[in-house]
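A quick write-up on the structure given underneath.
The values are calculated or read from the model by the stated rules, or taken from the named source; none is laboratory data. Remember, it's a predicted structure, so these values are computed and weren't measured experimentally. Cβ: placed from backbone, ideal geometry, glycine included. Neighbour counts: every protein chain shown.
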Amino acid sequence: MRALSVQSLPHAQVFMKTSDLMATLDDIADAVVRLDGQGKCVTLNQAAVQIFRRLGCDPGRTIGKSVWELFPDLKGTVAEQQLRRALEDQRPIQHELYSPLDQRWYDTQGFPSSPGVVLIFRDITEWKTGHSSEPNHTR
């Protein structure tokens, strides 16, 4: 079986696959945020939109703004150190983050996406506080 690559697909199919990507991401229960190389929001899925609203951010005004502008309280935290590492070194990251704004715990993973990083946030509050025996991996 031959591996499928973008180069082997006709241009129209690549475009359709790209346009379908956000629909697919919107079906994911975890929040997905793509940042450019300067830490500016490029894309949010629906789960991320809901979290941003809970945190007091207008999702419509997040695109093009840096995560540092949107969440100044991140400065000096492990989350800032990890995110800067992901952006500058293009290395994957993972850490747990407690947000006092919505009083939730998140498992945060970041994956290089040159330039920038794709962040995935999973709400692990119930698991972290002992109300569940394992993290919630399903919707």
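Among ARG139, ARG104, which is under 18 Å from ALA29 (Cα atoms) and either crowded, with 17+ Cβ neighbours inside 10 Å or modelled with pLDDT of 90 or more (or both)?
Result: ARG104 is the single residue among ARG139, ARG104 that is under 18 Å from ALA29 (Cα atoms) and either crowded, with 17+ Cβ neighbours inside 10 Å or modelled with pLDDT of 90 or more (or both).
Can you pull out the residues in region 102-111 that are closer than 18 Å to ASP123 by Cβ, within 15 Å of the chain's Cα centre (by Cα) and either in a loop (DSSP other than H, G, I, E, B) or hydrophobic (A, V, I, L, M, F, W, C) (or both)?
If the condition is that a residue be closer than 18 Å to ASP123 by Cβ, within 15 Å of the chain's Cα centre (by Cα) and either in a loop (DSSP other than H, G, I, E, B) or hydrophobic (A, V, I, L, M, F, W, C) (or both), then TRP105 is the only one that fits.
Mind listing whichever residues of region 56-101 are in a loop (DSSP other than H, G, I, E, B), more than 16 Å from CYS41 (Cα to Cα) and touching a strand residue (DSSP E or B) at 6+ places or on another chain (Cβ under 9 Å)?
Within region 56-101, THR77, GLN90, ARG91, PRO92 qualify.
Can you tell me which of GLY60, GLY64, GLY56 is at pLDDT below 90 and on the phi > 0 side of the Ramachandran plot?
Matching residue, one of GLY60, GLY64, GLY56: GLY56.
State which residue is nearest to ASP107 (Cα to Cα) when the search covers only region 51-72 and only residues that are touching a residue at least 12 places away in the same chain (Cβ under 8 Å) and among the charged types (D, E, K, R).
Filtering first and then ranking leaves ARG54.
Do the conditions hold for PHE121, that is, is it at pLDDT 90 or above, in a strand (DSSP E or B) and among the aromatic types (Phe, Trp, Tyr)?
It is true that PHE121 is at pLDDT 90 or above, in a strand (DSSP E or B) and among the aromatic types (Phe, Trp, Tyr).
Yes/no per residue for (1) exposed (fewer than 13 other Cβ atoms within 10 Å of the Cβ); (2) within 14 Å of VAL33 (Cα to Cα):
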site: ILE63; (1), (2): yes, yes
site: LEU70; (1), (2): no, yes
site: GLY76; (1), (2): yes, no
site: ARG84; (1), (2): no, no
site: GLN94; (1), (2): yes, no
site: SER99; (1), (2): no, no
